[in-house]
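S.K.: Let me give you the structure first, and then I'll get to my questions.
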């Protein structure tokens, strides 16, 4: 099956705006590609300007450039399934969110709400990944790594939690990677039906367009 068919807009996505419509997460990156500092800065600005409750911006990103110190901390702690493709990306950004009060906070500081902070961090990361796609880059988010070991190796404070990694880069040659990683890129894009994720009159009751009286 051609890549155009695999990753073309699926039913329900055709009316979405770009880069939402064509965004997807490849696993075959070009291991020789370097991401200019200006491009990294632009990606971080996209996260910076995401919506934030009370403008607290409860997110932080550790920039792991391939060949750098932070990247060297991350790579040994990747899961077996991620250890082949993640290191090939031009850049990995590690997303953290604040989950507890800063022990040195001001007495009148607003208490931390971990759920709201996680929500905001997810929005910031979504903005970052869409900006990447608008720039002709690809972003693939991942969970498979020892977060505690990486956080410890980077010296992250205890009131911040490492949530996920975002690999960013350009497409590479499938012949250079394992069959397993090639297979990731051949998977057909699919999503749950709207009836499973959007409810109407009650929890579990699917929302249906046109049910409201005119």
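Please treat every number below as a calculation from the coordinates, not as lab data. Only a predicted model underlies this, so the values are computations on that prediction, with no experimental measurement involved. Positions of Cβ are backbone-derived with ideal geometry, glycine not excepted, and every protein chain shown enters the neighbour counts.
S.K.: Enumerate the residues in the range 35-73 having an amide nitrogen under 19 Å from the point lying 7 Å beyond the Cα of residue 113 toward its Cβ.
M.R.: 50-60
S.K.: What is the order of 125, 41, fewest Cβ neighbours within 10 Å to most?
M.R.: In increasing order of surrounding Cβ atoms, one gets 41, 125.
S.K.: Given contacts defined as C-alpha pairs under 8 Å and at least six residues apart, what's the relative contact order of the chain, whole-number percent?
M.R.: Result for the chain is 29 percent.
S.K.: As a footprinting exposure proxy, order 203, 85, 160 by other Cβ within 10 Å, with the fewest listed first.
M.R.: 203, 160, 85
S.K.: Also, I was wondering about something else. Once you've got the GNM for the chain with C-alpha springs shorter than 10 Å, pick whichever of 16, 96, 43 has the biggest mean-square fluctuation.
M.R.: 16
S.K.: Return the calculated 222 nm mean residue ellipticity for the chain, to the nearest 500 deg cm²/dmol, obtained by summing -39500 (n - 2.57) across DSSP H runs with n ≥ 4 and dividing by the residue count.
M.R.: Calculated mean residue ellipticity at 222 nm is -8500 deg cm²/dmol.
S.K.: What ranking do 168, 116 get, fewest neighbouring Cβ atoms within 10 angstrom at the top?
M.R.: 116, 168
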